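A.B. asks: The structure under discussion is supplied below as structure tokens; questions concerning it will follow.
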Amino acid sequence: MSYAVQKDSSRRLAGLVVVVALHAALIYALVHGLARQIVEVIRQPLETKIIEEIKAPPPDKPPPPPPPKLTMPPPPYIPPPEVQVQAPVFAPTITAVTNVKPPEEVRTPAVVDANTCEKPAYPAASLRANETGTVRLSFLIDTNGKVMDSKVERSSGFRRLDEAARAGLSLCKFRPATLNGKPERTWGRIEYVWKLE
């Protein structure tokens with residue numbers, strides 16, 4: 001046998017001896033020690049207490065009957081008084097009064113541009129007939145200064161002179177009328193005098 005096998009078998013034998021010794025000690029303890037304690041616990045007398053039954057005291061007298069209900073009419077309804085709370089009135093405080101005038105309109109009339117306006121030609125028939133007079137014309141001037149429409153407001157007395165003035169002056173360029181610096185379409189007047197020189 002080798003030394004390793006002998007060592008292993010001696011270990012097994014030592015373990016077996018220890019297990020048997022432990023079992024023997026346990027059996028001895030159970031038989032002699034624990035058994036007596038169990039028997040002694042069982043032999044102790046049981047302690048009992050008798051609790052005396054408490055009985056309710058006998059009723060002395062029956063309870064008194066409830067008081068009789070009074071049959072009085074209910075009191076009349078009295079409404080609660082009205083409470084009026086006046087809300088405070090807040091008046092604006094005026095610290096200063098100033099007269100604020102609305103902005104005034106600044107209006108300029110239409111004006112004929114003399115540099116672009118040639119003198120209307122005198123009608124030949126009017127020259128021969130020595131016709132003279134003053135004609136008043138109205139022109140509708142657009143925002144760009146051009147004549148949109150024209151009409152005779154007051155005649156010179158001669159139709160040929162009126163039409164010659166209206167046709168000639170309609171070709172003129174105008175500076176348009178303005179309202180607060182902004183050009184606007186409006187009517188303008190021109191009086192033209194026909195006279196022989």
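The values are calculated or read from the model by the stated rules, or taken from the named source; none is laboratory data. Being a predicted model, the structure only gives us computed values, none of them experimental. For neighbour counting, all protein chains shown are included, and Cβ atoms are generated from backbone atoms with ideal geometry for every residue, glycine included. Each accessible area value is taken on the protein alone, full model and side chains, heavy atoms only, with ligands, DNA and RNA left out. Shrake-Rupley method; radii C 1.70, N 1.55, O 1.52, S 1.80 Å.
A.B. asks: Can you tell me how many residues within the range 125-170 are among the aliphatic types (A, V, I, L, M) and over 20 Å from Pro109 (Cα atoms)?
C.D. replies: Quick first cut of the range 125-170, residues among the aliphatic types (A, V, I, L, M) only: 125, 127, 129, 135, 137, 140-141, 147-148, 152, 161, 164-165, 167, 169.
Retained after the next criterion (residues that are over 20 Å from Pro109 (Cα atoms)): 125, 127, 129, 161, 164-165, 167.
Adding up the residues that qualify gives 7.
A.B. asks: Moving to a separate point now. Out of Ala177, Ala129, Ala91, I need the residue that is over 60 Å from the mean Cα position of the chain (by Cα) and either modelled with pLDDT under 90 or not acidic (Asp, Glu) (or both). Which one?
C.D. replies: On the way: Ala177 fails: over 60 Å from the mean Cα position of the chain (by Cα); Ala91 fails: over 60 Å from the mean Cα position of the chain (by Cα).
Unique residue meeting the criteria: Ala129.
A.B. asks: How many of the residues in the range 113-133 are more than 12 Å from Ala164 (Cα to Cα) and open to solvent by 30 Å² or more (accessible area, probe 1.4 Å)?
C.D. replies: So the first thing to find is which residues in the range 113-133 are more than 12 Å from Ala164 (Cα to Cα), and the list is 113-118, 127-133.
This time we only want the ones that are open to solvent by 30 Å² or more (accessible area, probe 1.4 Å), so: 113-118, 127-130, 132.
Qualifying residue count for the region: 11.
A.B. asks: Hey, any hits in the range 129-138 for a residue that's among the small types (Gly, Ala, Ser), touching a residue at least 60 places away in the same chain (Cβ under 8 Å) and assigned to a strand (DSSP E or B)? I'd like the intermediate steps shown before the answer.
C.D. replies: First, pick out the residues of the range 129-138 that are among the small types (Gly, Ala, Ser): 129, 133, 138.
Still in the list and also touching a residue at least 60 places away in the same chain (Cβ under 8 Å): 133.
Going one step further and asking which of them are assigned to a strand (DSSP E or B), we end up with 133.
Checked against the condition, which is being among the small types (Gly, Ala, Ser), touching a residue at least 60 places away in the same chain (Cβ under 8 Å) and assigned to a strand (DSSP E or B), the range 129-138 yields at least one hit.
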